[in-house]
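What follows is a short report on a single structure.
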Amino acid sequence: MLIPYVMMRFYLGLCVMWLSVTFSSPAVWAESLSEADVFKHASEFTVFVEHVTRLPFYGSKAGYRNGSGFIVDAEQGLVVTNRHVAQEGTGGTKVRFHNQKEYKANIVYVDPKYDLAVLKVQIPKGNELLQAAEFGDSDDIEQGHPVGTFGNPSMFSFSASRGIVSATDRRDRDGKFLGEFFQTDAAISGGNSGGPLIDLKSGKVIGINTFVWNDDDGKQIPGLGFALKTNEIKARIGQLVQGAVEPKVAWIGLLVDSIPEQRATANYGLKQVKDLVAKADEYLVVLAVTSGGPTALAGIQPGDLLVRLNGEKIQTLNIYETALQKAVGTSVSLEVLRREGAKFVLKKFSVSVQNLSSDRVTRYASVSGMLAHHVTVRFREDFGAPPEGVLVAHVESGSQAELAGLSANDVIRAVNGQTVNSIDDLVRMLKNLKKGQSKVELFVKRYRRYQTNRLFELHVEKPGLFKRES
């Protein structure tokens, strides 16, 4: 009877091994996925995001732009994408899945500093979403790791591409976006923005495709794509998924960068002020101050070295950002080290920390085939523009606005010599023209690589205000 008992134990052992393999955790099971399996799975959680630009007082014309996104919570219909994908349309946003089902979506969260947005898809009862993506640990990914992108480049919907992680610790050289990025040669092009960068070994999402690098002529350089690491935004996405209060986005109008200890010591005389500045491998220096922002109003200047925030020594960018996040809606004490001639002077400022997530475009002015809205914080930081005026967002081809010479990224500062501070000012002035008057003179600041002042004569047609469609 011993042999049957031994055989029974042997077969039981085999059964346990089979069960453990069959129902192993997703992370373990994912290691055996082929690349074809990974991309098939990606098609289930990646979506096509389309936003519409309408000119309601200019006939029925509408323009369409698109990007990508991916589902992070199937039950609630939450989709992650880029801010620049989600917030450029006036006629609302639609999301289309791989099964061609299409639904309206609302913006529920925006973080311009990370170019991040979260949409909530309006799904009728009885219809189910496809599968949600799973975040991987982006800190575990090393240079040379195989990755794939999935999205909708140039309207070629649900396209896959593969490559490697070319570098793991990139930052946006232009300073437009915060956070660490993967550099990859996997194809990222127009329409892929907001889509997932996928670990081809596990099938998990480790990045959000955000931007590409262009040459001096504005042409895309092949193989230079950048994806925001998922570890940078996991906590905020988690708060939204759990139904917590919308995460706030701290903003004080300051662009900072880290400099090594050797350079900081040479430029700021740190040896003389060792008791004021914590010893560290790197220090934070102010690169730019947003015109009209809290730090500009307080008196902080480019070149200042950050020393303390609310009495705590600042050693890393992460410490700085975390401290600001906790202080949204309050004022903080910010101490900087400033070089004045041969001396190094410690200066202290009180700075208001504002919530940038509330800086959304919800109202527009439309006139003569042109759309305009308030000058956003994002635009002010990108171009160094003041908050005053009205920002031109879109000019319809063949319209009176285009014939006059206006284009996107122009800021209208005055109409017939009268200062314009809001879209309400603009529409009111254009509606209250004298009888028989159909043309106005616009004073415009044009923001490109260089800032220029321009005067344009505009034939006024159908001025009006409207809200962004939900």
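The values are calculated or read from the model by the stated rules, or taken from the named source; none is laboratory data. In this text, all values refer to a predicted model and were calculated from it rather than measured experimentally. As a convention, Cβ positions derive from the backbone with ideal geometry for all residues, glycine included, and neighbour counts pool all protein chains shown.
Below is a table of values for the structure above.
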quantity	calculated
Boolean, Lys40 is part of a strand (DSSP E or B), of a type in the set (Lys, Arg) and either over 17 Å from the mean Cα position of the chain (by Cα) or modelled with pLDDT under 70 (or both)	no
Region 420-451: number of residues that are in a loop (DSSP other than H, G, I, E, B) and not hydroxyl-bearing (Ser, Thr, Tyr)	10
Test result for Arg448, at pLDDT below 90 and basic (Lys, Arg)	yes
Residues of region 273-313 satisfying the condition of being modelled with pLDDT under 85, in a loop (DSSP other than H, G, I, E, B) and under 15 Å from Leu255 (Cβ atoms)	Thr290, Ser291, Gly292
So Gly329, is it surrounded by fewer than 16 Cβ atoms within 10 Å (Cβ to Cβ), under 26 Å from the mean Cα position of the chain (by Cα) and either farther than 30 Å from Glu261 by Cβ or among the aliphatic types (A, V, I, L, M) (or both)	yes
Count of region 345-387 residues which are part of a strand (DSSP E or B) and within 23 Å of Met429 (Cβ to Cβ)	10
Residues that are more than 18 Å from Val285 (Cβ to Cβ) and at pLDDT below 90, drawn from region 328-346	Val328, Gly329, Gly341, Ala342
Cross-chain or 6+ apart pairs with Cβ under 6 Å, region 92-103 first and under 13 Å from Leu119 (Cα atoms), then in a loop (DSSP other than H, G, I, E, B)	Gly92/Glu469; Tyr103/Gln122; Tyr103/Ile123
Region 172-213, subset of a type in the set (S, T, N, Q) and over 20 Å from His84 (Cα atoms), residue farthest from the chain's Cα centre (by Cα)	Ser202
Filter result for Phe349 (surrounded by fewer than 20 Cβ atoms within 10 Å (Cβ to Cβ), at pLDDT below 90 and either over 18 Å from Ser422 (Cβ atoms) or over 27 Å from the mean Cα position of the chain (by Cα) (or both))	no
Number of positions in region 432-464 that are surrounded by 12 or more Cβ atoms within 10 Å (Cβ to Cβ) and out of contact with any Ser or Thr (no Cβ under 8 Å at 6 or more places or on another chain)	11
Any hit, region 141-149, residues being out of contact with any helix residue (DSSP H, G or I) (no Cβ under 7 Å at 6 or more places or on another chain), on the phi > 0 side of the Ramachandran plot, assigned to a loop (DSSP other than H, G, I, E, B) and modelled with pLDDT of 90 or more	yes
Counted residues, region 181-204 - those being surrounded by fewer than 18 Cβ atoms within 10 Å (Cβ to Cβ) and at pLDDT below 90	1
Residue in region 102-121 that is over 22 Å from the mean Cα position of the chain (by Cα), modelled with pLDDT of 85 or more and either crowded, with 20+ Cβ neighbours inside 10 Å or over 14 Å from Leu228 (Cβ atoms) (or both) present	yes
Residue within region 161-173 that is surrounded by fewer than 18 Cβ atoms within 10 Å (Cβ to Cβ), not acidic (Asp, Glu) and not in a strand (DSSP E or B) present	yes
